[in-house]
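Novice: Have a look at the structure that comes next, please.
The values are calculated or read from the model by the stated rules, or taken from the named source; none is laboratory data. All of these numbers come straight from a predicted model, not from anything done at the bench. For neighbour counting, all protein chains shown are included, and Cβ atoms are generated from backbone atoms with ideal geometry for every residue, glycine included. Areas reflect the complete protein model, heavy atoms only, side chains present, ligands, DNA and RNA absent. Shrake-Rupley method; radii C 1.70, N 1.55, O 1.52, S 1.80 Å.
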Amino acid sequence: MKITLNPNAKDAPTRDALVAEGGFGKYYTDHMVVCEWTEKDGWGEPELQPYGPLSLDPATAVFHYGQEIFEGMKAYRQPDGSISLFRPDANSKRFANSAKRLALPEMPESLFLETVEALVKQDAGWVPNKVGESLYIRPFMIATEVGLGVRPTNKATYILIATPAGAYFDPSKAVSVWISTEYVRAVQGGTGEAKCGGNYAASLVAQKAAAKEGCDQVVWIDAKERKWVEEMGGMNLYFVKGKGAEARVITPKLTGTLLPGITRDSILSVAKDLGYKTEEVMLSIDDWRDGVASGEITEIFACGTAAVVSSVGSAKSTMGTWVTGDGQPGVITMQIRNHLLAIQHGTTPDIHGWVRKVC
Ligand SMILES: *Cc1c(COP(=O)(O)O)cnc(C)c1O
(Lines give C-alpha, C1' and ligand atoms only; values in the text may rest on other atoms or scores of the structure.)
Protein backbone atom coordinates (compact mmCIF):
# COMPACT_ATOMS: atom_id res chain seq x y z
CA MET A 1 0.00 0.00 0.00
CA LYS A 2 1.21 3.47 -0.86
CA ILE A 3 1.11 5.75 2.18
CA THR A 4 0.95 9.56 2.10
CA LEU A 5 0.29 10.99 5.55
CA ASN A 6 -1.93 14.00 6.11
CA PRO A 7 0.33 16.95 7.01
CA ASN A 8 -2.69 18.65 8.61
CA ALA A 9 -3.78 15.68 10.75
CA LYS A 10 -5.62 16.87 13.88
CA ASP A 11 -3.52 16.97 17.04
CA ALA A 12 -4.65 14.68 19.86
CA PRO A 13 -6.55 17.27 21.98
CA THR A 14 -8.51 18.60 18.95
CA ARG A 15 -9.29 15.08 17.74
CA ASP A 16 -10.31 13.83 21.21
CA ALA A 17 -12.67 16.79 21.59
CA LEU A 18 -14.35 15.98 18.25
CA VAL A 19 -14.63 12.28 19.15
CA ALA A 20 -16.15 13.20 22.52
CA GLU A 21 -18.77 15.34 20.81
CA GLY A 22 -20.37 12.11 19.59
CA GLY A 23 -23.05 12.20 16.92
CA PHE A 24 -22.65 10.35 13.66
CA GLY A 25 -21.06 11.33 10.37
CA LYS A 26 -20.19 14.83 11.54
CA TYR A 27 -16.39 14.52 11.54
CA TYR A 28 -14.20 12.29 9.44
CA THR A 29 -10.80 10.90 10.35
CA ASP A 30 -7.54 12.32 8.98
CA HIS A 31 -7.08 9.76 6.23
CA MET A 32 -8.88 7.75 3.58
CA VAL A 33 -7.93 4.87 1.31
CA VAL A 34 -8.40 5.04 -2.44
CA CYS A 35 -7.95 2.16 -4.88
CA GLU A 36 -8.53 2.32 -8.62
CA TRP A 37 -9.75 -0.48 -10.87
CA THR A 38 -9.72 -0.65 -14.64
CA GLU A 39 -11.07 -3.39 -16.84
CA LYS A 40 -7.67 -3.63 -18.52
CA ASP A 41 -5.40 -3.81 -15.46
CA GLY A 42 -7.70 -4.89 -12.63
CA TRP A 43 -7.12 -3.51 -9.13
CA GLY A 44 -4.22 -1.11 -8.61
CA GLU A 45 -2.24 -0.52 -5.43
CA PRO A 46 -4.38 0.99 -2.66
CA GLU A 47 -3.26 4.35 -1.35
CA LEU A 48 -3.69 5.67 2.16
CA GLN A 49 -3.86 9.45 1.77
CA PRO A 50 -5.11 12.60 3.50
CA TYR A 51 -8.91 12.78 3.77
CA GLY A 52 -10.15 15.30 1.25
CA PRO A 53 -12.36 16.15 -1.71
CA LEU A 54 -12.35 14.25 -4.98
CA SER A 55 -12.01 15.82 -8.38
CA LEU A 56 -14.14 14.15 -11.03
CA ASP A 57 -15.20 14.97 -14.57
CA PRO A 58 -18.88 16.06 -14.63
CA ALA A 59 -19.54 13.31 -17.19
CA THR A 60 -18.36 10.58 -14.76
CA ALA A 61 -20.78 7.64 -15.00
CA VAL A 62 -21.78 7.50 -11.31
CA PHE A 63 -23.29 11.02 -11.44
CA HIS A 64 -25.69 10.02 -14.18
CA TYR A 65 -26.60 6.37 -13.75
CA GLY A 66 -26.00 5.73 -10.06
CA GLN A 67 -23.61 2.80 -10.43
CA GLU A 68 -22.49 2.79 -6.78
CA ILE A 69 -22.29 0.39 -3.83
CA PHE A 70 -21.28 0.77 -0.19
CA GLU A 71 -20.76 -1.03 3.10
CA GLY A 72 -21.08 -0.07 6.75
CA MET A 73 -18.97 -1.63 9.48
CA LYS A 74 -17.44 -0.70 12.82
CA ALA A 75 -14.21 -0.84 14.80
CA TYR A 76 -14.63 -1.17 18.57
CA ARG A 77 -12.26 -0.33 21.42
CA GLN A 78 -11.52 -3.40 23.57
CA PRO A 79 -11.00 -3.45 27.36
CA ASP A 80 -7.19 -3.68 26.94
CA GLY A 81 -7.18 -0.60 24.70
CA SER A 82 -6.75 -2.58 21.48
CA ILE A 83 -9.14 -2.18 18.52
CA SER A 84 -11.18 -4.91 16.82
CA LEU A 85 -13.46 -5.16 13.82
CA PHE A 86 -16.74 -7.08 13.94
CA ARG A 87 -17.22 -9.68 11.17
CA PRO A 88 -15.33 -7.69 8.48
CA ASP A 89 -15.21 -10.83 6.31
CA ALA A 90 -19.02 -10.73 6.12
CA ASN A 91 -18.91 -7.10 4.93
CA SER A 92 -16.32 -8.06 2.34
CA LYS A 93 -18.50 -10.88 0.98
CA ARG A 94 -21.59 -8.67 0.85
CA PHE A 95 -19.59 -5.91 -0.87
CA ALA A 96 -18.58 -8.44 -3.54
CA ASN A 97 -22.21 -9.55 -3.95
CA SER A 98 -23.37 -5.95 -4.27
CA ALA A 99 -20.60 -5.33 -6.84
CA LYS A 100 -21.81 -8.28 -8.90
CA ARG A 101 -25.39 -6.98 -8.93
CA LEU A 102 -24.37 -3.44 -9.92
CA ALA A 103 -21.92 -4.64 -12.62
CA LEU A 104 -18.97 -3.28 -10.64
CA PRO A 105 -15.71 -5.19 -10.09
CA GLU A 106 -15.54 -7.56 -7.14
CA MET A 107 -12.76 -6.68 -4.72
CA PRO A 108 -10.77 -9.60 -3.32
CA GLU A 109 -11.38 -10.11 0.42
CA SER A 110 -7.66 -9.77 1.21
CA LEU A 111 -7.51 -6.36 -0.49
CA PHE A 112 -10.73 -5.17 1.19
CA LEU A 113 -9.46 -6.19 4.64
CA GLU A 114 -6.02 -4.70 3.98
CA THR A 115 -7.57 -1.28 3.29
CA VAL A 116 -9.82 -1.39 6.36
CA GLU A 117 -7.00 -2.44 8.67
CA ALA A 118 -4.64 0.19 7.26
CA LEU A 119 -7.11 3.03 7.85
CA VAL A 120 -8.06 1.84 11.35
CA LYS A 121 -4.38 1.50 12.33
CA GLN A 122 -3.47 4.91 10.95
CA ASP A 123 -6.46 6.69 12.51
CA ALA A 124 -6.65 4.55 15.69
CA GLY A 125 -6.77 7.73 17.78
CA TRP A 126 -10.23 8.40 16.35
CA VAL A 127 -11.75 5.22 17.83
CA PRO A 128 -13.86 6.25 20.85
CA ASN A 129 -13.46 4.49 24.20
CA LYS A 130 -16.91 3.96 25.70
CA VAL A 131 -19.22 0.98 25.25
CA GLY A 132 -21.73 1.78 22.51
CA GLU A 133 -19.27 4.13 20.80
CA SER A 134 -17.22 3.05 17.83
CA LEU A 135 -15.52 4.09 14.63
CA TYR A 136 -17.99 3.71 11.76
CA ILE A 137 -16.22 2.65 8.57
CA ARG A 138 -17.71 3.36 5.17
CA PRO A 139 -16.23 1.54 2.15
CA PHE A 140 -17.81 2.48 -1.18
CA MET A 141 -17.22 2.11 -4.89
CA ILE A 142 -18.23 4.35 -7.77
CA ALA A 143 -18.21 3.97 -11.56
CA THR A 144 -15.59 6.42 -12.81
CA GLU A 145 -15.63 5.89 -16.57
CA VAL A 146 -16.24 9.26 -18.22
CA GLY A 147 -19.03 9.35 -20.76
CA LEU A 148 -22.79 9.44 -21.00
CA GLY A 149 -23.22 6.11 -22.75
CA VAL A 150 -25.21 3.68 -20.58
CA ARG A 151 -22.99 0.65 -20.11
CA PRO A 152 -21.18 -1.19 -17.30
CA THR A 153 -18.21 0.96 -16.34
CA ASN A 154 -14.66 0.02 -17.37
CA LYS A 155 -13.21 2.10 -14.52
CA ALA A 156 -14.12 2.14 -10.85
CA THR A 157 -12.82 3.86 -7.73
CA TYR A 158 -13.00 2.28 -4.27
CA ILE A 159 -12.80 4.68 -1.35
CA LEU A 160 -12.75 4.07 2.39
CA ILE A 161 -13.59 6.74 4.95
CA ALA A 162 -14.35 6.60 8.69
CA THR A 163 -16.28 8.67 11.23
CA PRO A 164 -16.49 8.36 15.03
CA ALA A 165 -19.97 7.26 16.13
CA GLY A 166 -21.41 8.15 19.52
CA ALA A 167 -23.76 5.98 21.55
CA TYR A 168 -27.00 7.29 20.12
CA PHE A 169 -29.24 4.65 21.60
CA ASP A 170 -31.68 6.30 23.96
CA PRO A 171 -33.03 3.47 26.14
CA SER A 172 -36.02 5.55 27.14
CA LYS A 173 -37.22 5.93 23.59
CA ALA A 174 -38.77 3.54 21.09
CA VAL A 175 -39.11 4.65 17.45
CA SER A 176 -42.49 5.05 15.78
CA VAL A 177 -42.95 3.63 12.29
CA TRP A 178 -45.15 4.33 9.29
CA ILE A 179 -46.02 1.20 7.30
CA SER A 180 -45.78 2.33 3.69
CA THR A 181 -48.40 0.89 1.35
CA GLU A 182 -47.75 3.50 -1.33
CA TYR A 183 -44.05 2.95 -1.97
CA VAL A 184 -41.93 -0.20 -2.02
CA ARG A 185 -38.19 -0.57 -1.39
CA ALA A 186 -37.40 -3.65 -3.42
CA VAL A 187 -38.80 -6.13 -5.93
CA GLN A 188 -37.85 -9.69 -6.86
CA GLY A 189 -35.02 -9.48 -9.37
CA GLY A 190 -34.25 -5.91 -8.34
CA THR A 191 -31.44 -4.53 -6.20
CA GLY A 192 -32.97 -5.06 -2.74
CA GLU A 193 -30.28 -7.52 -1.66
CA ALA A 194 -27.47 -5.19 -2.74
CA LYS A 195 -26.19 -2.29 -0.66
CA CYS A 196 -26.39 0.41 -3.29
CA GLY A 197 -27.03 4.12 -3.03
CA GLY A 198 -29.90 3.90 -5.49
CA ASN A 199 -31.98 1.89 -3.03
CA TYR A 200 -31.64 4.72 -0.54
CA ALA A 201 -32.37 7.42 -3.12
CA ALA A 202 -35.61 5.61 -3.96
CA SER A 203 -36.54 5.29 -0.28
CA LEU A 204 -36.36 8.94 0.72
CA VAL A 205 -39.82 9.92 -0.49
CA ALA A 206 -41.31 7.24 1.76
CA GLN A 207 -39.18 8.47 4.66
CA LYS A 208 -40.66 11.92 4.02
CA ALA A 209 -44.17 10.45 3.97
CA ALA A 210 -43.44 8.75 7.33
CA ALA A 211 -42.31 12.07 8.82
CA LYS A 212 -45.50 13.71 7.56
CA GLU A 213 -47.46 11.04 9.44
CA GLY A 214 -45.51 11.97 12.56
CA CYS A 215 -43.40 8.79 12.47
CA ASP A 216 -39.64 8.37 12.84
CA GLN A 217 -39.13 5.62 10.27
CA VAL A 218 -40.75 3.83 7.36
CA VAL A 219 -41.55 0.09 7.36
CA TRP A 220 -41.37 -1.65 4.00
CA ILE A 221 -43.72 -4.38 2.90
CA ASP A 222 -43.31 -6.66 -0.11
CA ALA A 223 -43.97 -5.27 -3.59
CA LYS A 224 -46.10 -8.11 -4.94
CA GLU A 225 -48.75 -8.98 -2.38
CA ARG A 226 -48.31 -5.80 -0.34
CA LYS A 227 -48.70 -7.65 2.92
CA TRP A 228 -45.41 -9.22 4.03
CA VAL A 229 -43.25 -7.20 6.41
CA GLU A 230 -39.69 -6.75 5.12
CA GLU A 231 -37.56 -4.05 6.77
CA MET A 232 -37.54 -0.73 8.60
CA GLY A 233 -35.69 2.09 6.81
CA GLY A 234 -32.16 0.76 6.42
CA MET A 235 -32.49 -1.81 9.19
CA ASN A 236 -33.84 -5.35 9.57
CA LEU A 237 -36.75 -6.12 11.91
CA TYR A 238 -37.26 -8.52 14.80
CA PHE A 239 -40.42 -9.52 16.66
CA VAL A 240 -40.52 -11.19 20.07
CA LYS A 241 -43.46 -13.47 20.74
CA GLY A 242 -44.19 -14.53 24.31
CA LYS A 243 -42.17 -13.76 27.42
CA GLY A 244 -39.34 -15.11 29.54
CA ALA A 245 -37.55 -18.36 28.69
CA GLU A 246 -40.41 -19.42 26.39
CA ALA A 247 -40.09 -16.32 24.18
CA ARG A 248 -39.50 -16.78 20.46
CA VAL A 249 -37.32 -14.33 18.56
CA ILE A 250 -38.61 -13.94 15.02
CA THR A 251 -37.36 -12.13 11.94
CA PRO A 252 -38.70 -11.86 8.38
CA LYS A 253 -37.16 -14.49 6.14
CA LEU A 254 -34.70 -13.42 3.41
CA THR A 255 -36.78 -13.66 0.25
CA GLY A 256 -34.43 -11.89 -2.16
CA THR A 257 -35.91 -8.45 -1.53
CA LEU A 258 -34.48 -7.97 1.97
CA LEU A 259 -30.98 -6.74 2.60
CA PRO A 260 -29.16 -9.57 4.43
CA GLY A 261 -27.99 -7.64 7.49
CA ILE A 262 -24.94 -8.82 9.36
CA THR A 263 -26.54 -7.62 12.60
CA ARG A 264 -29.68 -9.62 11.72
CA ASP A 265 -27.58 -12.71 11.12
CA SER A 266 -25.59 -12.18 14.34
CA ILE A 267 -28.78 -11.79 16.39
CA LEU A 268 -30.11 -15.13 15.13
CA SER A 269 -27.05 -16.69 16.83
CA VAL A 270 -27.01 -14.44 19.89
CA ALA A 271 -30.71 -15.10 20.63
CA LYS A 272 -30.05 -18.87 20.44
CA ASP A 273 -27.00 -18.49 22.71
CA LEU A 274 -29.26 -16.72 25.21
CA GLY A 275 -31.62 -19.70 25.14
CA TYR A 276 -34.42 -18.41 22.90
CA LYS A 277 -35.99 -20.18 19.98
CA THR A 278 -35.50 -18.26 16.73
CA GLU A 279 -37.56 -18.32 13.56
CA GLU A 280 -37.16 -16.83 10.10
CA VAL A 281 -40.68 -16.51 8.77
CA MET A 282 -43.06 -14.65 6.47
CA LEU A 283 -44.84 -12.20 8.77
CA SER A 284 -47.76 -10.17 7.42
CA ILE A 285 -49.05 -6.77 8.51
CA ASP A 286 -52.18 -8.60 9.75
CA ASP A 287 -49.95 -10.82 11.91
CA TRP A 288 -48.33 -7.66 13.27
CA ARG A 289 -51.67 -5.99 14.08
CA ASP A 290 -53.28 -9.14 15.53
CA GLY A 291 -50.13 -10.15 17.45
CA VAL A 292 -49.89 -6.77 19.11
CA ALA A 293 -53.65 -6.72 19.84
CA SER A 294 -53.63 -10.18 21.45
CA GLY A 295 -50.41 -9.47 23.34
CA GLU A 296 -48.59 -12.37 21.66
CA ILE A 297 -46.07 -9.95 20.15
CA THR A 298 -44.37 -8.51 23.23
CA GLU A 299 -41.45 -6.62 21.73
CA ILE A 300 -40.35 -5.31 18.33
CA PHE A 301 -36.93 -4.00 17.45
CA ALA A 302 -34.88 -3.03 14.40
CA CYS A 303 -31.20 -3.82 13.94
CA GLY A 304 -28.26 -2.68 11.86
CA THR A 305 -24.60 -1.77 12.20
CA ALA A 306 -25.15 1.95 12.80
CA ALA A 307 -27.66 1.84 15.67
CA VAL A 308 -27.09 -1.88 16.56
CA VAL A 309 -30.60 -2.31 18.06
CA SER A 310 -33.49 0.18 18.27
CA SER A 311 -36.75 -0.56 19.92
CA VAL A 312 -39.91 -0.11 17.82
CA GLY A 313 -42.93 1.22 19.70
CA SER A 314 -45.94 2.26 17.70
CA ALA A 315 -46.74 1.28 14.12
CA LYS A 316 -49.07 3.45 12.07
CA SER A 317 -50.64 2.55 8.74
CA THR A 318 -53.74 3.35 6.71
CA MET A 319 -55.40 0.63 8.84
CA GLY A 320 -54.74 2.28 12.18
CA THR A 321 -52.07 2.51 14.88
CA TRP A 322 -50.80 -0.44 16.91
CA VAL A 323 -48.68 0.06 20.01
CA THR A 324 -46.35 -2.66 21.27
CA GLY A 325 -45.86 -3.03 25.02
CA ASP A 326 -45.50 0.14 27.08
CA GLY A 327 -43.46 2.07 24.53
CA GLN A 328 -40.21 1.28 26.39
CA PRO A 329 -37.53 -1.04 24.98
CA GLY A 330 -38.41 -4.61 26.04
CA VAL A 331 -36.40 -6.87 28.32
CA ILE A 332 -35.32 -9.28 25.57
CA THR A 333 -34.51 -6.41 23.17
CA MET A 334 -32.16 -4.95 25.79
CA GLN A 335 -30.67 -8.34 26.65
CA ILE A 336 -29.86 -9.06 23.00
CA ARG A 337 -28.52 -5.55 22.43
CA ASN A 338 -26.27 -5.68 25.50
CA HIS A 339 -24.98 -9.16 24.66
CA LEU A 340 -24.12 -8.19 21.08
CA LEU A 341 -22.38 -5.01 22.27
CA ALA A 342 -20.45 -7.04 24.84
CA ILE A 343 -19.13 -9.33 22.09
CA GLN A 344 -18.23 -6.34 19.93
CA HIS A 345 -16.43 -4.60 22.80
CA GLY A 346 -14.71 -7.79 23.98
CA THR A 347 -16.33 -7.97 27.42
CA THR A 348 -17.95 -11.38 26.81
CA PRO A 349 -16.41 -14.42 25.09
CA ASP A 350 -16.55 -14.35 21.29
CA ILE A 351 -17.64 -17.97 20.82
CA HIS A 352 -18.42 -17.50 17.11
CA GLY A 353 -15.03 -16.04 16.15
CA TRP A 354 -16.60 -12.80 14.94
CA VAL A 355 -14.08 -10.34 16.36
CA ARG A 356 -10.87 -9.56 14.45
CA LYS A 357 -8.14 -7.65 16.21
CA VAL A 358 -6.53 -4.84 14.20
CA CYS A 359 -4.10 -3.16 16.60
C1 LIG B 1 -27.21 -2.02 5.71
C2 LIG B 1 -28.65 -2.36 5.75
C3 LIG B 1 -29.20 -3.16 6.76
C4 LIG B 1 -28.43 -3.63 7.97
O5 LIG B 1 -27.30 -4.39 7.66
P6 LIG B 1 -26.15 -4.56 8.73
O7 LIG B 1 -25.17 -5.44 8.05
O8 LIG B 1 -26.76 -5.21 9.91
O9 LIG B 1 -25.63 -3.21 9.04
C10 LIG B 1 -30.55 -3.49 6.68
N11 LIG B 1 -31.31 -3.04 5.67
C12 LIG B 1 -30.82 -2.26 4.69
C13 LIG B 1 -31.73 -1.80 3.60
C14 LIG B 1 -29.48 -1.88 4.70
O15 LIG B 1 -28.99 -1.11 3.74
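Novice: Keeping every protein chain in place, order 339, 31, 64 by accessible area at 1.4 Å, biggest value first, i.e. largest first.
Specialist: Listed by decreasing accessible area, they come as 64, 339, 31.
Novice: Work out from phi, with θ = phi - 60° and the Karplus expression 6.51 cos²θ - 1.76 cosθ + 1.60, the ³J(HN,Hα) of each residue of segment 244-250, listed in order in whole Hz, and give x for Gly and Pro.
Specialist: Couplings: x, 5, 7, 4, 10, 10, 10 Hz.
Novice: In degrees from 0 to 90, rounded to the nearest 10, what is the angle of the helix 262-273 Cα long axis to the longest principal axis of the chain?
Specialist: The angle comes out at about 50 degrees.
Novice: Which Cα, out of 49, 344, 107, lies furthest along the positive dipole direction of the chain (beta carbon charges, K/R +1, D/E -1)?
Specialist: Of the candidates, 344 comes out farthest on the positive side.
Novice: State the dimensionless ratio Rg/Rh of segment 2-165 (Rg: radius of gyration of Cα atoms; Rh: Kirkwood radius).
Specialist: Numbers: Rg = 16.3 Å, Rh = 16.6 Å.
Reported Rg/Rh, Kirkwood definition of Rh: 0.99.
Novice: Okay, moving on. Of the candidates 44, 313, 234, which one comes out as most mobile in a Gaussian network treatment of the chain with C-alpha springs shorter than 10 Å?
Specialist: Evaluated over the chain, the most mobile residue of the options is 44.
Novice: While we're on this one: Which residues' amide hydrogens lie under 5 Å from the amide hydrogen of residue 278, considering only partners 5 or more residues apart or on another chain, with H built in the peptide plane?
Specialist: The list, which skips near neighbours in sequence, is 249.
Novice: Please report how far the C-alpha centroid of segment 259-276 lies from that of segment 170-190, rounded to the nearest whole angstrom.
Specialist: 20 Å
Novice: Counting other Cβ atoms within 10 Å, keep those with at most 14, restrict to DSSP loop, and tell me which trypsin sites (Lys or Arg not before Pro) in segment 119-165 are left.
Specialist: Values: sites: 121, 130, 155; in loops: 130.
Qualifying residues, ordered by number: 130.
Novice: Pick out, in residue order, every one of the chymotrypsin sites (Phe, Trp or Tyr not before Pro) in segment 85-181 that is DSSP loop and has at most 15 other C-beta atoms within 10 Å; say none if there are none.
Specialist: When the chymotrypsin sites (Phe, Trp or Tyr not before Pro) of segment 85-181 are filtered for loop state and at most 15 Cβ neighbours within 10 Å, 168 remain.
Novice: Would you work out which of 175, 306, 205 lies farthest towards the positive end of the dipole of the chain? Charges go on Cβ: Lys and Arg +1, Asp and Glu -1.
Specialist: 175
Novice: Here's another thing I want to ask about it. At 1.4 Å probe size, with the rest of the protein present, what percent of the exposed accessible area of segment 3-93 is carbon and sulfur atoms?
Specialist: On the way: 2480 of 4600 Å².
Whole-percent figure for carbon plus sulfur exposure: 54.
Novice: Still on this structure, I have one more. Treat each spin label as a single point 7 Å out from the Cα along the C-beta direction, and report the residue 97 to residue 55 distance in nm.
Specialist: Calculated label separation equals 3.9 nm.
Novice: Considering the dipole of segment 2-165 built from charges on the beta carbon (Lys and Arg +1, Asp and Glu -1) around the Cα centre, which of 79, 161, 147 is farthest to its positive end?
Specialist: Going by the charge dipole, the pick is 79.
Novice: Could you list which residues have their amide H under 5 Å from that of residue 134, counting only those 5 or more apart in sequence or on another chain, with H placed in the peptide plane?
Specialist: Placed amide hydrogens put 165 under 5 Å from residue 134.
Novice: Oh, and also: Might you report the magnitude of the Cβ-based charge dipole of the chain about its Cα centre, with Lys and Arg at +1 and Asp and Glu at -1, to the nearest 20 debye? Before the final figure, lay out the partial values.
Specialist: On the way: 37 positive and 42 negative charges, 65 e Å.
With only Lys, Arg, Asp and Glu charged at Cβ, the dipole is about 320 debye.
Novice: Next up: Which FRET efficiency, nearest 0.05, do residue 200 and residue 17 yield, Cβ-Cβ r, R0 22 Å? Mind showing how you got there, number by number?
Specialist: Working: r = 31 Å, r/R0 = 1.41.
FRET efficiency, residue 200 to residue 17: 0.10.
Novice: Further question: Considering only protein heavy atoms, with the full assembly of protein chains and a 1.4 angstrom probe, order 82, 110, 314 by accessible area, largest first.
Specialist: 110, 314, 82
Novice: What is the angle, in °, between the Cα long axis of helix 285-294 and the longest principal axis of the Cα atoms in the chain? Nearest 10 is fine, range 0 to 90.
Specialist: 50 degrees
Novice: List the trypsin sites (Lys or Arg not before Pro) within segment 1-105 that DSSP assigns to loop and that have no more than 13 neighbouring Cβ atoms inside 10 Å. Walk me through the numbers on the way to the answer.
Specialist: Working: sites: 2, 10, 15, 26, 40, 74, 77, 93, 94, 100, 101; in loops: 10, 26, 40.
Sparse-neighbourhood loop trypsin sites (Lys or Arg not before Pro): 26, 40.
Novice: Label-point separation (nm) for residue 359 and residue 268, each offset 7 Å from Cα along Cα-to-Cβ?
Specialist: Using points 7 Å along Cα→Cβ, the separation is 3.5 nm.
Novice: Between residue 319 and residue 342, how many nm apart are label points set 7 Å from Cα along the C-beta direction?
Specialist: 3.8 nm
Novice: Charges only on Cβ, +1 for Lys and Arg, -1 for Asp and Glu: so what's the dipole of segment 175-344 about the Cα centre, in debye to the nearest 20? Before the final figure, lay out the partial values.
Specialist: Numbers: 17 positive and 19 negative charges, 42 e Å.
The calculated dipole for segment 175-344 is roughly 200 debye.
Novice: Is the chain rounded, prolate or oblate when judged by the Cα gyration tensor, a ≥ b ≥ c being the square roots of its eigenvalues, rounded requiring a/c under 1.5 and prolate requiring a/b larger than b/c?
Specialist: It comes out oblate by the Cα gyration axes.
Novice: So which lysines can residue 208 reach, going by Cα to Cα under 20 Å and dropping same-chain residues fewer than 8 places off?
Specialist: 316
Novice: Let me check something: with ligands and nucleic acids excluded, how do 359, 303 order by accessible area (1.4 Å probe), largest to smallest? Walk me through the numbers on the way to the answer.
Specialist: Values: 359 55, 303 0 Å².
Largest accessible area first, the residues go 359, 303.
Novice: Name the residues whose placed amide hydrogens come within less than 5 Å of the amide hydrogen of residue 230, ignoring near sequence neighbours (fewer than 5 apart) on the same chain.
Specialist: The list, which skips near neighbours in sequence, is 220, 221, 222.
Novice: Lysines near residue 2 by alpha-carbon distance under 30 Å, same-chain residues fewer than 8 away left out - which ones?
Specialist: Leaving aside lysines fewer than 8 places away in the same chain, those within reach of residue 2 are 10, 26, 40, 74, 93, 100, 121, 155, 195, 357.
Novice: Would you mind working out the accessible area per residue for the chain, using a 1.4 Å probe, and quoting it in Å²? Don't skip to the answer; put the middle values down first.
Specialist: Details: 15620 Å² over 359 residues.
Value for the chain: 44 Å² per residue.
Novice: Oh, and also: What length, rounded to one decimal in nm, is gained on full extension from residue 114 through to residue 3, with 0.36 nm per residue of separation minus their alpha-carbon distance? Please list the in-between numbers first.
Specialist: Working: separation 111, 0.36 × 111 = 39.96 nm, distance 1.28 nm.
Gain on stretching residue 114 to residue 3: 38.7 nm.
Novice: Now for a different question. If you take every residue apart from residue 10 with its C-beta less than 15 Å away from the C-beta of residue 10, what net charge results, scoring Lys and Arg +1 and Asp and Glu -1? Walk me through the numbers on the way to the answer.
Specialist: On the way: positive: 15, 26; negative: 11, 16, 21, 30, 123.
My count for the surroundings of residue 10 gives -3.
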